[in-house]
Amino acid sequence: FTITISNLNYSSIYYFGLRVFDGQNYSSLATTSPYQTAILSTIASNFPANLEIKNNGRKIARASNGNFYAVYSRANKIYLAKSVDQGINWTETDATPEEELEQINPSIAIDSQNNLHLVWQGKVATPTPYQIRYRKYNGNSFSEILTLTNDSEWGQEIPGIAVDSQDNVHLIWVNNQV
(Lines give C-alpha, C1' and ligand atoms only; values in the text may rest on other atoms or scores of the structure.)
Protein backbone atom coordinates (compact mmCIF):
# COMPACT_ATOMS: atom_id res chain seq x y z
CA PHE A 1 0.00 0.00 0.00
CA THR A 2 1.04 3.60 -0.39
CA ILE A 3 0.25 6.48 1.93
CA THR A 4 -0.03 9.84 0.20
CA ILE A 5 -0.04 13.02 2.25
CA SER A 6 -0.72 16.43 0.76
CA ASN A 7 0.16 19.89 2.05
CA LEU A 8 3.16 18.85 4.12
CA ASN A 9 4.86 21.48 6.22
CA TYR A 10 8.50 21.01 5.20
CA SER A 11 9.80 22.49 8.43
CA SER A 12 8.19 19.61 10.35
CA ILE A 13 9.24 16.00 10.85
CA TYR A 14 6.63 13.33 10.15
CA TYR A 15 6.49 9.87 11.71
CA PHE A 16 4.52 6.92 10.39
CA GLY A 17 3.26 3.83 12.13
CA LEU A 18 2.12 0.48 10.85
CA ARG A 19 0.07 -2.20 12.57
CA VAL A 20 -1.36 -5.15 10.67
CA PHE A 21 -4.31 -7.41 11.54
CA ASP A 22 -4.45 -10.87 9.90
CA GLY A 23 -7.94 -11.78 11.11
CA GLN A 24 -6.59 -13.27 14.34
CA ASN A 25 -3.60 -11.27 15.51
CA TYR A 26 -2.36 -7.69 15.50
CA SER A 27 1.29 -6.99 14.86
CA SER A 28 3.19 -4.72 17.18
CA LEU A 29 3.10 -1.06 16.23
CA ALA A 30 6.13 -0.20 14.12
CA THR A 31 6.99 3.45 13.68
CA THR A 32 9.44 5.08 11.36
CA SER A 33 10.79 8.52 10.60
CA PRO A 34 13.01 9.77 7.78
CA TYR A 35 16.10 7.56 7.42
CA GLN A 36 15.15 5.45 10.43
CA THR A 37 14.33 1.75 10.71
CA ALA A 38 11.17 0.19 12.08
CA ILE A 39 11.36 -3.39 13.34
CA LEU A 40 8.12 -5.36 12.98
CA SER A 41 7.25 -8.42 15.01
CA THR A 42 4.68 -10.87 13.69
CA ILE A 43 2.55 -9.33 10.94
CA ALA A 44 0.49 -12.37 9.99
CA SER A 45 0.58 -16.13 10.19
CA ASN A 46 3.80 -17.51 8.71
CA PHE A 47 5.17 -14.02 8.02
CA PRO A 48 8.84 -13.69 9.02
CA ALA A 49 9.40 -11.93 12.33
CA ASN A 50 11.89 -9.15 13.08
CA LEU A 51 12.34 -7.80 9.59
CA GLU A 52 13.75 -4.35 8.95
CA ILE A 53 11.68 -1.69 7.19
CA LYS A 54 13.28 1.59 6.17
CA ASN A 55 11.28 4.63 5.15
CA ASN A 56 12.65 4.67 1.59
CA GLY A 57 9.97 3.31 -0.70
CA ARG A 58 7.16 0.89 -1.36
CA LYS A 59 7.50 -2.44 0.47
CA ILE A 60 4.24 -4.14 -0.54
CA ALA A 61 2.78 -4.74 -4.00
CA ARG A 62 -0.46 -6.40 -5.11
CA ALA A 63 -0.64 -8.36 -8.36
CA SER A 64 -3.72 -8.30 -10.61
CA ASN A 65 -4.61 -11.83 -9.41
CA GLY A 66 -4.78 -10.58 -5.81
CA ASN A 67 -1.45 -12.00 -4.60
CA PHE A 68 0.49 -9.79 -2.20
CA TYR A 69 4.27 -9.41 -2.27
CA ALA A 70 6.41 -7.82 0.43
CA VAL A 71 10.11 -6.98 0.20
CA TYR A 72 12.37 -6.44 3.21
CA SER A 73 15.88 -6.95 4.51
CA ARG A 74 17.02 -9.23 7.29
CA ALA A 75 20.56 -10.25 8.22
CA ASN A 76 21.99 -8.22 5.30
CA LYS A 77 19.92 -10.07 2.69
CA ILE A 78 16.91 -9.05 0.60
CA TYR A 79 13.81 -11.22 0.94
CA LEU A 80 10.58 -11.43 -1.04
CA ALA A 81 7.47 -12.80 0.68
CA LYS A 82 4.30 -13.87 -1.16
CA SER A 83 0.74 -14.33 0.05
CA VAL A 84 -1.93 -15.99 -2.09
CA ASP A 85 -4.66 -15.70 0.58
CA GLN A 86 -4.94 -11.92 1.07
CA GLY A 87 -2.11 -11.65 3.57
CA ILE A 88 -3.03 -14.42 6.01
CA ASN A 89 -0.18 -16.81 5.14
CA TRP A 90 3.18 -15.96 3.58
CA THR A 91 6.04 -17.83 1.93
CA GLU A 92 9.51 -16.31 1.86
CA THR A 93 12.22 -16.40 -0.81
CA ASP A 94 15.77 -15.11 -0.46
CA ALA A 95 16.10 -12.67 -3.37
CA THR A 96 19.88 -12.37 -2.91
CA PRO A 97 21.12 -15.88 -1.99
CA GLU A 98 24.41 -15.51 -3.87
CA GLU A 99 25.33 -12.22 -2.18
CA GLU A 100 27.72 -12.36 0.77
CA LEU A 101 28.03 -8.62 1.45
CA GLU A 102 25.44 -6.25 2.96
CA GLN A 103 22.23 -5.81 0.92
CA ILE A 104 19.65 -3.47 2.53
CA ASN A 105 16.85 -0.92 1.97
CA PRO A 106 14.75 -2.64 -0.69
CA SER A 107 11.82 -1.15 -2.57
CA ILE A 108 9.32 -2.92 -4.86
CA ALA A 109 7.13 -2.09 -7.85
CA ILE A 110 4.93 -4.23 -10.10
CA ASP A 111 4.22 -3.79 -13.81
CA SER A 112 1.11 -4.57 -15.88
CA GLN A 113 2.38 -8.11 -16.58
CA ASN A 114 2.75 -8.80 -12.83
CA ASN A 115 6.55 -8.74 -13.03
CA LEU A 116 8.08 -7.55 -9.77
CA HIS A 117 10.91 -5.04 -9.88
CA LEU A 118 13.16 -4.92 -6.82
CA VAL A 119 15.76 -2.27 -6.10
CA TRP A 120 18.03 -1.92 -3.06
CA GLN A 121 21.38 -0.62 -1.90
CA GLY A 122 24.12 -3.17 -1.58
CA LYS A 123 27.83 -3.69 -1.29
CA VAL A 124 29.54 -5.27 -4.29
CA ALA A 125 33.02 -5.33 -2.73
CA THR A 126 34.71 -4.21 0.46
CA PRO A 127 35.37 -1.47 1.45
CA THR A 128 33.44 0.21 -1.38
CA PRO A 129 30.38 2.37 -0.69
CA TYR A 130 26.85 1.16 -1.39
CA GLN A 131 25.68 0.81 -4.97
CA ILE A 132 22.16 0.55 -6.41
CA ARG A 133 21.19 -3.04 -7.27
CA TYR A 134 18.20 -4.29 -9.27
CA ARG A 135 16.51 -7.62 -9.92
CA LYS A 136 13.30 -8.60 -11.72
CA TYR A 137 11.02 -11.48 -10.65
CA ASN A 138 8.55 -12.88 -13.19
CA GLY A 139 6.59 -14.98 -10.70
CA ASN A 140 8.72 -18.07 -11.26
CA SER A 141 12.35 -16.98 -11.34
CA PHE A 142 14.64 -14.03 -10.75
CA SER A 143 16.73 -12.29 -13.39
CA GLU A 144 20.41 -11.78 -12.68
CA ILE A 145 21.27 -9.03 -10.22
CA LEU A 146 22.29 -5.83 -11.96
CA THR A 147 24.50 -3.24 -10.32
CA LEU A 148 23.18 0.03 -11.74
CA THR A 149 25.80 2.36 -10.27
CA ASN A 150 29.56 2.16 -9.96
CA ASP A 151 30.97 4.96 -7.86
CA SER A 152 33.91 4.30 -5.56
CA GLU A 153 33.71 7.69 -3.81
CA TRP A 154 29.97 8.29 -3.36
CA GLY A 155 27.53 5.89 -1.72
CA GLN A 156 24.31 5.31 -3.63
CA GLU A 157 21.61 4.84 -1.01
CA ILE A 158 17.92 4.74 -0.06
CA PRO A 159 16.44 3.77 -3.46
CA GLY A 160 12.84 4.04 -4.54
CA ILE A 161 11.21 2.47 -7.59
CA ALA A 162 8.05 2.97 -9.67
CA VAL A 163 6.64 1.56 -12.90
CA ASP A 164 4.59 3.82 -15.19
CA SER A 165 1.58 2.91 -17.36
CA GLN A 166 3.92 1.94 -20.23
CA ASP A 167 5.84 -0.47 -17.95
CA ASN A 168 8.89 1.79 -17.86
CA VAL A 169 10.83 1.39 -14.61
CA HIS A 170 11.87 4.60 -12.81
CA LEU A 171 14.41 4.73 -9.98
CA ILE A 172 15.49 7.39 -7.53
CA TRP A 173 18.17 7.30 -4.82
CA VAL A 174 20.41 9.47 -2.69
CA ASN A 175 24.00 10.10 -3.80
CA ASN A 176 25.91 10.35 -0.52
CA GLN A 177 29.58 11.28 -0.28
CA VAL A 178 31.45 8.88 1.98
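The values are calculated or read from the model by the stated rules, or taken from the named source; none is laboratory data. Computed from a predicted structure; not experimentally measured. When we count neighbours, we look across all protein chains shown, and the Cβ atoms used for this are built from the backbone with ideal geometry, even at glycine. Each accessible area value is taken on the protein alone, full model and side chains, heavy atoms only, with ligands, DNA and RNA left out. Shrake-Rupley method; radii C 1.70, N 1.55, O 1.52, S 1.80 Å.
Of the residues making up segment 134-148, just one is on the phi < 0 side of the Ramachandran plot and modelled with pLDDT under 95, namely Asn140. Contact map, segment 136-153: residues that are among the basic types (Lys, Arg) paired with residues that are surrounded by 15 or more Cβ atoms within 10 Å (Cβ to Cβ) and part of a loop (DSSP other than H, G, I, E, B), Cβ distance under 6 Å, separation 6+ or inter-chain. Pairs shown: Lys136/Asn115.
Of the listed requirements (1) surrounded by 19 or more Cβ atoms within 10 Å (Cβ to Cβ); (2) touching a Phe, Trp or Tyr at 6+ places or on another chain (Cβ under 6 Å), Gly57 misses just one: (2).
Restricted to segment 94-163, the set of strands (runs of 3 or more DSSP E) holding at least 1 residues that are open to solvent by 20 Å² or more (accessible area, probe 1.4 Å) comprises 103-110, 131-137, 154-163.
As for segment 82-94, it holds no residue that is of a type outside the set (A, V, I, L, M, F, W, C), under 16 Å from Ala162 (Cβ atoms) and touching a residue at least 12 places away in the same chain (Cβ under 8 Å).
Taking the conditions (1) over 17 Å from Ala70 (Cβ atoms); (2) open to solvent by 80 Å² or more (accessible area, probe 1.4 Å); (3) touching a strand residue (DSSP E or B) at 6+ places or on another chain (Cβ under 6 Å) in turn, Thr91 satisfies each one other than (1).
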